[in-house]
1. Working carefully through the options A:D102, A:D91, find the one that is open to solvent by 50 Å² or more (accessible area, probe 1.4 Å), out of contact with any His (no Cβ under 6 Å at 6 or more places or on another chain), over 28 Å from B:N23 (Cα atoms) and touching a residue at least 60 places away in the same chain (Cβ under 8 Å).
2. Mind checking which residues of segment A:117-145 are of a type in the set (S, T, N, Q) and within 15 Å of A:W106 (Cβ to Cβ)?
3. Give the residues of segment B:131-144 that are more than 18 Å from the chain's Cα centre (by Cα) and surrounded by fewer than 19 Cβ atoms within 10 Å (Cβ to Cβ), sorted by residue number.
4. Of the residues that make up segment B:37-45, is at least one open to solvent by less than 20 Å² (accessible area, probe 1.4 Å) and among the β-branched types (V, I, T)?
5. If you go through segment B:111-119 one residue at a time, do you hit one that is facing chain A (nearest Cβ under 9 Å) and either more than 29 Å from A:R150 (Cα to Cα) or crowded, with 20+ Cβ neighbours inside 10 Å (or both)?
6. For residues in segment B:15-34 being within 13 Å of chain A (Cβ to nearest Cβ) and open to solvent by 40 Å² or more (accessible area, probe 1.4 Å), which is modelled with the highest pLDDT?
7. Which numbered condition trips up B:Y167, out of (1) hydroxyl-bearing (S, T, Y); (2) open to solvent by 10 Å² or more (accessible area, probe 1.4 Å); (3) at the interface with chain A (Cβ under 7 Å from one of its Cβ atoms)?
8. When you go through B:V128, B:V123 one by one, which is the residue that is under 25 Å from B:V45 (Cα atoms), part of a strand (DSSP E or B), at pLDDT 95 or above and under 18 Å from the mean Cα position of the chain (by Cα)?
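The values are calculated or read from the model by the stated rules, or taken from the named source; none is laboratory data. Remember, predicted model here, so these are calculated numbers, not experimental data. No Cβ is skipped: glycine too gets one built from the backbone with ideal geometry, and neighbour counts run over all protein chains shown. Heads up: the accessible areas ignore ligands, DNA and RNA and are worked out on the full protein's heavy atoms, side chains in. Shrake-Rupley method; radii C 1.70, N 1.55, O 1.52, S 1.80 Å.
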There are 2 protein chains.
Amino acid sequence: MSVFFYGCITLDGYLADKNHGLNWLHETGSPEETDCDRFYSEMDVAIMGRRTFEEIARLENAASYYPTTENYVFTHADSLPQRGFTPVRGDVAEFVTGLGPDKNIWIIGGNTILAPLLERDMVDCLIVQVAPVLLGEGIPLFTQKEATRRFRLETVRQYGQFAELVYRK
Amino acid sequence: MSVFFYGCITLDGYLADKNHGLNWLHETGSPEETDCDRFYSEMDVAIMGRRTFEEIARLENAASYYPTTENYVFTHADSLPQRGFTPVRGDVAEFVTGLGPDKNIWIIGGNTILAPLLERDMVDCLIVQVAPVLLGEGIPLFTQKEATRRFRLETVRQYGQFAELVYRK
């Protein structure tokens, strides 16, 4: 099992503004030349929080976004208004472990999903696109408890106005 | 007048651990091949907060660290136990403006110096070396008030285990 985070943050470390908005991201332009498609093609499972799901669900063609992965949403809801997404609840780390040994798992967001996995040292790869924007307030990507965790910087690339940093455990 | 930030942070955005310690940085190794010397040679003034000064002052050969710049420390102290450093107080943005039009000013840290300059849109260049470390808690670099501020990503480089991101206004 390998656990990946792949996503955009601001230079001051936010996944979204304080209202969970992504205007800052859309205004940065699309990092079109990234390896996102290749990355996605290697994933078996996508996991996200309720807020992240809601952002996806409001997109026009939401159903087409994660067509080849098993998609799980951590939520207290019993069902979701979008085909292809399964609601789950409980301990994130246990759920991920239960997915079995051969899966590539993409943690799409948010921080409540990533934090418990970082705390148990279960994140194998962090691929972060940093947008050249400061928000000053918002939803931070990293909210795990205090502990020094070291990764290995594998590559650094520029895609348009995004700086992509790739880390492995 | 041009205002620069140049310094290291963790991947989760901290300048130092919660006790103002830099062990995480020293353990990352020195980004020796950086352009730090060239950067420094172009600076006329260095400005830092009290805590940053205290970290410098405890180094063995502290006096040799910033030999060619005018060095100012924002502190309530009337004098400093280190030659070559001048205590100042009051409004950071006003002080910086008062330095005159032709100066290159390096904001060494900490966040209480950088934040008011970001809030007044007075930071011309951010050069950030990101260490491949998560701390989970510490002294964040970016503490400016909420406001969307956009920079231009100029270059991205890898120096050993550091990712250097260069932004201009």
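1. Sole residue among the options that is open to solvent by 50 Å² or more (accessible area, probe 1.4 Å), out of contact with any His (no Cβ under 6 Å at 6 or more places or on another chain), over 28 Å from B:N23 (Cα atoms) and touching a residue at least 60 places away in the same chain (Cβ under 8 Å): A:D102.
2. Across segment A:117-145, the qualifying residue is only A:Q129.
3. B:E137
4. Checked segment B:37-45: at least one residue is open to solvent by less than 20 Å² (accessible area, probe 1.4 Å) and among the β-branched types (V, I, T).
5. Yes, because at least one residue in segment B:111-119 is facing chain A (nearest Cβ under 9 Å) and either more than 29 Å from A:R150 (Cα to Cα) or crowded, with 20+ Cβ neighbours inside 10 Å (or both).
6. Selected residue: B:K18.
7. (2)
8. Criteria check complete, one pass: B:V128.
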